[in-house]
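Below is one structure, written out as structure tokens; comments come after it.
The values are calculated or read from the model by the stated rules, or taken from the named source; none is laboratory data. Worth saying up front: this structure is predicted, and the values here are computed from it rather than measured. We place every Cβ from the backbone using ideal geometry, glycine too, and count neighbours over all the protein chains shown. Side chains included, ligands, DNA and RNA excluded: accessible areas come from the protein's heavy atoms. Shrake-Rupley method; radii C 1.70, N 1.55, O 1.52, S 1.80 Å.
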Amino acid sequence: MKIVALIPLKGNSKSIPRKNIENFAGKPLFYWVTAAAVDCKLIDEVYISTPSHTVANVVTEYFPAVHLLNEPEHISQGKGATTVAVAKWFAKQVEFDYVVTIQATSPFLTSSDLDG
């Protein structure tokens with residue numbers, strides 16, 4: 001059985017530009033949920049999906065072993081830019097039995113929460 005985590009990271013947010021890579025308690029916002037997913041005993045692989053090269057570069061700086069997926073622009077922009085759209089696209093890219101979709105805007109999530 002293969003369990004994977006998907007963390008979708010937009011390059012920009014309408015309300016807070018570049019929020020996923022902005023500093024939150026000394027690290028980029030995405031860092032906290034990614035570390036929780038990487039440290040989770042039950043998750044086999046962690047994937048970050050982003051259309052942004054800037055975001056991808058920051059992710060690689062902190063987590064070189066995480067799988068980065070270059071999300072197509074049409075999925076991440078406009079009215080169709082939903083987590084569901086990203087998850088459907090992801091399911092066509094990666095084989096898994098179970099997927100845990102994690103939002104970067106949940107920085108208090110821990111690996112214990114995920115293991116539970």
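Odds and ends about this structure:
- Once the 1.4 Å probe is applied to the protein heavy atoms, segment 35-116 comes out at 60 Å² accessible per residue.
- Backbone amide hydrogens, once placed in the peptide plane, bring VAL46 within less than 5 Å of ALA5, HIS67, excluding anything fewer than 5 places away on its chain.
- Label point distance in nm, GLU61-GLU73, each placed 7 Å from Cα along Cα→Cβ: 2.4 nm
- Ligands, DNA and RNA left out, the accessible area of the chain computed with a 1.4 Å probe is 53% carbon and sulfur.
- Note on the chain: lysine pairs with Cα distance below 14 Å, sequence gap of 8 or more or different chains, count 5.
- Multiplying the residue separation of THR82 and SER112 by 0.36 nm and removing their Cα-Cα distance gives an extension gain of 8.1 nm.
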